[in-house]
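Undergrad: One structure, as structure tokens, below. Some questions next.
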Amino acid sequence: MENETKTVVPNFIRTIIDEDLKSGKHAHIVTRFPPEPNGYLHIGHAKSICLNFGLARDYSGRCHLRFDDTNPVKEDVEYVDSILEDVRWLGWDWKEHLYYASDYFDQLYAYAELLITEGKAFVCDLSFDELREYRGTLTQPGKNSPYRDRPIAENLDLFRRMKAGEFPEGSKSLRARIDMASPNLNMRDPVFYRIKKTDHHRTGDSWMIYPMYDYTHCISDALEMITHSLCTLEFEDHRPLYDWFLDALPVPSHPRQIEFARLNLSYTVMSKRLLLEMVKAGHVQGWDDPRMPTIAGLRRRGFTPESIREFADRIGVAKASSMVDYDLLNFCLREDLNKCALRRMAVLDPLKLTITNYPDGQTEDLEAENNPEDESAGNRQIKFSKHLYIEREDFMQEPVKGWFRLAPGKEVRLKHAYYIRCNEVIKDADGQITELLCTYDSQSRGGWSEDGRKVKGTLHWVSVAHAVPIQVRLYDHLFTIPDLSDIPEGKSYLDYINPQSLKINELAVAESSLAEAASGEKYQFLRLGYFAVDPDTTKDKIVFNRISTLRDSWAKKQKNTK
RNA sequence: UGGGAUGUCGUCUAACGGUAGGACAGCGGAUUCUGGUUCCGUACGUGGGGGUUCAAAUCCUCCCAUCCCAGCCA
């Protein structure tokens, strides 16, 4: 990755960093990616990961990976593990800079006592409902809590007893003394410690109280000497609080929070809550279902880390909410795989084709390049014989204008093999085409002839005797509409799940070299698309996921003329 | 209707007072043993009204639209 020499496109965050470096405010930058381990990472997180780690790389700074694990009720080690794996898989290295907010619990607690001592925080006995009432509304100011002016000593005592587990959950909270009349609700004496008698996945049962995000995040950033703390737009309103805590405490630094727009991708959802729902309700088969926008899903589908990083670069970063076209992701995938995926032949919807003038029982080995974009990928042998399969779609009884695939009387090239001409069409009682009888030109071995004859159509094919049956999973968008944030009243995103998002093809056959295909390998099936071997693959059944199709200008043309 | 933010080709994103550029998508063409790739060409945009200025996407002003905020979630 260090070799990626690309022209960096400017953005507002780089502008800020450039200024901070130039002015001497910072000698080097420190960023961080701070996931909460309460779900799997998705491509929206990938944007943030690539942003933070990418900035650190480009500016020779560093990027921390820090788990924001302050709510044991929602968090789990399963998620910690998956996040670690996903970030690593994406190609990033946090080196020794792996942190957990829970590592700061002691320091955080000490700071809280300090805030109390300085009269900047108080223990409040208001219940959830009362608190909501006292908070006021968007247009009306809130009211001071009756406990707001408790003596410092009492606050301290109560807080210590909260810590000791003397009070039930919800009965007390620690709040900052700021301003109940603030137009910013976050500043209306926000709660920043609550009682939760839940075991934490790292600290076990040692804590009865847990600090909240607004308090924890800014201090964690400060302790780690983060210079630029990047987060999404919805935290803009929290920045005053971020700054308030840091101003109120003797922290070693005061990072700058900068907000950017989160990624929205067309035809999918990007909320952990919704994704979790999809998993739980069985609309998909798990977090790593190849239709999911999760890193795990994309990985299983066959997307490469390179393509996702490229995608993250290309979408850029700005403050305006936006929705990125899924086609850009496809483009990045194709761009990457075109360079490195080995070419193979497979037929998804086989139609039998017999070469009548080819010797019975003969088999030939034909030479085929593995990748026209990369000579070093070498060649392989493919088996040719009298009986073949071609794609049913590649034959048309009565060809339309512009058709240059197979049709009665027409000559086409079988890729890497021979020119053939179709002489006869065999149908069953229902009129279904069951077989094509063709003749081949033995002089065109390798798919080329000396006479300069123009044969425009080239088909992929598989020898019947050597065909390896495969299962192919064809995917489409998870949802039927591009913008899931724009759902009419009374409808749910569930109403827009695409029932066609997965089609399983059991008819497909592949050339013999694919018999040993191993999980995770990616190929281009000639003229069909990019495919990855799914982990469901067993010795008896090879399973391929279609990652994406190839561009298809013929299909496009047909669509346009209709 | 309080506060915070944002409006640039269909989409994403540059331009920071001086020719509105790039990418994806689109369209057209060339090359091609993948109707792939590659290459070339082409169309398309500053939310609106006022103002400042020789000059405005950029500065001022009014308006409009969209997004976020009333968890002891992050």
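The values are calculated or read from the model by the stated rules, or taken from the named source; none is laboratory data. Computed from a predicted structure; not experimentally measured. Reconstructed Cβ throughout: ideal geometry from the backbone, glycine too, with neighbour counts over all protein chains shown. Accessible surface is based on the protein model in full, side chains and every heavy atom, while ligands, DNA and RNA are left aside. Shrake-Rupley method; radii C 1.70, N 1.55, O 1.52, S 1.80 Å.
Undergrad: For region A:47-108, rounded, prolate or oblate, judged on the Cα gyration tensor with a ≥ b ≥ c (square roots of eigenvalues), a/c < 1.5 rounded, else prolate if a/b > b/c?
TA: oblate
Undergrad: To continue, here is another question. Pop a pseudo-label 7 angstrom from the Cα along the beta-carbon direction at both A:T15 and A:K143 and give the gap in nm to one decimal.
TA: With each label point 7 Å from Cα toward Cβ, the separation is 4.6 nm.
Undergrad: Calculate, in nm to one decimal, what A:S322 and A:K95 gain on full extension: separation in residues at 0.36 nm each, minus their alpha carbon distance.
TA: 78.5 nm
Undergrad: Report the Cα centroid-to-centroid distance between region A:340-413 and region A:427-503 in angstrom, as an integer.
TA: When both Cα centres are located, 14 Å separates them.
Undergrad: Another question about this same structure. Could you give the length gained on full extension between A:D247 and A:D125, defined as 0.36 nm per residue of separation minus the Cα-Cα distance, in nm?
TA: Gain in length upon complete extension: 41.3 nm.
Undergrad: If packing is taken as the mean number of other Cβ atoms within 10 Å per residue, what is the order of A:110-119, A:171-180, highest first?
TA: Descending mean neighbour count gives A:171-180, A:110-119.
Undergrad: Further question: Sorted by packing (mean other beta-carbon atoms within 10 Å per residue), highest first, where do A:384-394, A:295-305, A:539-549 land?
TA: Ranking the peptides A:384-394, A:295-305, A:539-549 by packing returns A:295-305, A:384-394, A:539-549.
Undergrad: Follow-up. Can you tell me the order of A:224-237, A:142-155, A:481-494 when each peptide is scored by its average per-residue count of other Cβ atoms within 10 angstrom, highest first?
TA: Descending packing order for the listed peptides: A:224-237, A:142-155, A:481-494.
Undergrad: Could you check what % of the DSSP bridge pairs in chain A are antiparallel, to the nearest 5?
TA: Looking only at bridges with both residues in chain A, the antiparallel portion is about 65 percent.
Undergrad: Additional query: If the label point is 7 Å along Cα→Cβ of A:K280, which residues in region A:29-58 have backbone nitrogen under 15 Å from it?
TA: A:38-40, by backbone N distance to the label point.
Undergrad: If you don't mind, there's one more thing I want to ask. Treat every Asp and Glu Cβ in region A:15-113 as -1 and every Lys and Arg Cβ as +1, leave all other atoms uncharged, and give the resulting dipole magnitude about the Cα centre to the nearest 20 debye.
TA: Rounded to the nearest 20 debye, it is 520 debye.
Undergrad: For region A:18-63, would you read off the P(r) tail past 15 Å as a percentage of all alpha carbon pairs?
TA: When all Cα pairs of region A:18-63 are counted, 50 percent exceed 15 Å.
Undergrad: Shape verdict for region A:166-256, please, from the Cα gyration tensor: rounded (a/c under 1.5), prolate (a/b greater than b/c) or oblate.
TA: oblate
Undergrad: Enter the accessible area of A:E78 (Å², nearest 10), with the probe set to 1.4 Å and all protein chains included.
TA: 90
Undergrad: On a full-extension model of 0.36 nm per residue, what is the gain between A:D205 and A:L185, subtracting their alpha-carbon distance, rounded to one decimal in nm?
TA: In short, 4.0 nm is gained.
Undergrad: Quick one: the Cα spread of region A:235-280 along its three principal axes, in angstroms, biggest first?
TA: Principal-axis extents of region A:235-280 (Cα, largest first): 45, 22, 17 Å.
Undergrad: For Cα pairs less than 8 Å apart in space and 6+ apart in sequence, what is the mean separation divided by the residue count of region A:393-452, i.e. the relative contact order in percent?
TA: 26
Undergrad: Next question, about the same structure. Compute the Cα gyration tensor for region A:443-562, then decide on rounded, prolate or oblate, letting a ≥ b ≥ c be the square roots of its eigenvalues: rounded whenever a/c is under 1.5, prolate when a/b is larger than b/c in the other cases, and oblate in all that remain.
TA: Oblate shape, in that a/c is at least 1.5 and b/c is the bigger or equal ratio.
Undergrad: Report relative contact order for chain A in percent, whole number only (criteria: Cα-Cα under 8 Å, sequence separation at least 6).
TA: After rounding, I find 11 percent.
Undergrad: Please give the Cα centre distance for region A:282-330 versus region A:119-156, rounded to the nearest Å.
TA: One Cα centre to the other: 43 Å.
Undergrad: Also, I was wondering about something else. Using a Förster radius of 45 Å, what is the FRET efficiency between A:R273 and A:T561 based on their Cβ-Cβ separation? Nearest 0.05, please.
TA: 0.55
Undergrad: Here is a further query. Any idea of A:W244's accessible area? Nearest 10 Å², probe 1.4 Å.
TA: Estimated to the nearest 10 Å², A:W244 gives 50 Å².
Undergrad: Could you check the spin-label model distance between A:N505 and A:L233? Points 7 Å from the Cα along Cα→Cβ, value in nm.
TA: 3.9
Undergrad: Let me ask something else. Using Stokes-Einstein with the Kirkwood hydrodynamic radius over Cα pairs, what translational diffusion coefficient do you get for region A:74-138 at 4 °C and a viscosity of 1.567 mPa s, in µm²/s rounded to a whole number?
TA: The Stokes-Einstein estimate is 81 µm²/s.
Undergrad: Once every DSSP H run of n ≥ 4 in chain A is given -39500 (n - 2.57) and the sum is divided by its residues, what mean residue ellipticity at 222 nm do you get, rounded to the nearest 500 deg cm²/dmol?
TA: -8000 deg cm²/dmol
Undergrad: While we're looking at this one, here's another question. Could you state how much accessible area A:K556 has, in square angstrom rounded to the nearest 10, with a 1.4 Å probe and all protein chains kept in place?
TA: Here the residue's solvent-accessible area equals roughly 120 Å².
Undergrad: Follow-up. Within region A:140-164, name every residue whose backbone N is under 19 Å away from a label modeled 7 Å from Cα of A:K197 along the Cβ vector.
TA: Counting only backbone N, you get A:158-164.
Undergrad: Determine the per residue accessible area of chain A with all protein chains present and a 1.4 angstrom probe, expressed in square angstrom.
TA: Value returned for chain A: 47 Å² of accessible area per residue.
Undergrad: Relative to a virtual label point 7 Å from the Cα of A:R88 in the Cα→beta-carbon direction, which members of region A:193-212 show backbone nitrogen distances below 13 Å?
TA: No residue passes the distance filter.
Undergrad: Quick one: ranking A:V472, A:V324 by accessible area, 1.4 Å probe, largest first, what do you get?
TA: If we order A:V472, A:V324 from most to least accessible, we get A:V324, A:V472.
Undergrad: Hey, any idea what % of chain A's accessible area is carbon plus sulfur with a 1.4 Å probe?
TA: Solvent-exposed carbon and sulfur of chain A make up 48 percent of the total.
Undergrad: Among DSSP beta bridges lying fully in region A:131-262, give the percent that are antiparallel, nearest 5.
TA: Here the antiparallel bridges make up roughly 60 percent for region A:131-262.
Undergrad: A follow-up question, please. Of all the C-alpha pairs in region A:372-430, what % are more than 14 Å from each other?
TA: More than 14 Å apart: 67 percent of the Cα pairs in region A:372-430.
Undergrad: Averaging over every viewing direction, what projected area does the convex hull of the Cα atoms of chain A cover, in nm²?
TA: In nm², the orientation-averaged hull projection of chain A is 32.9.
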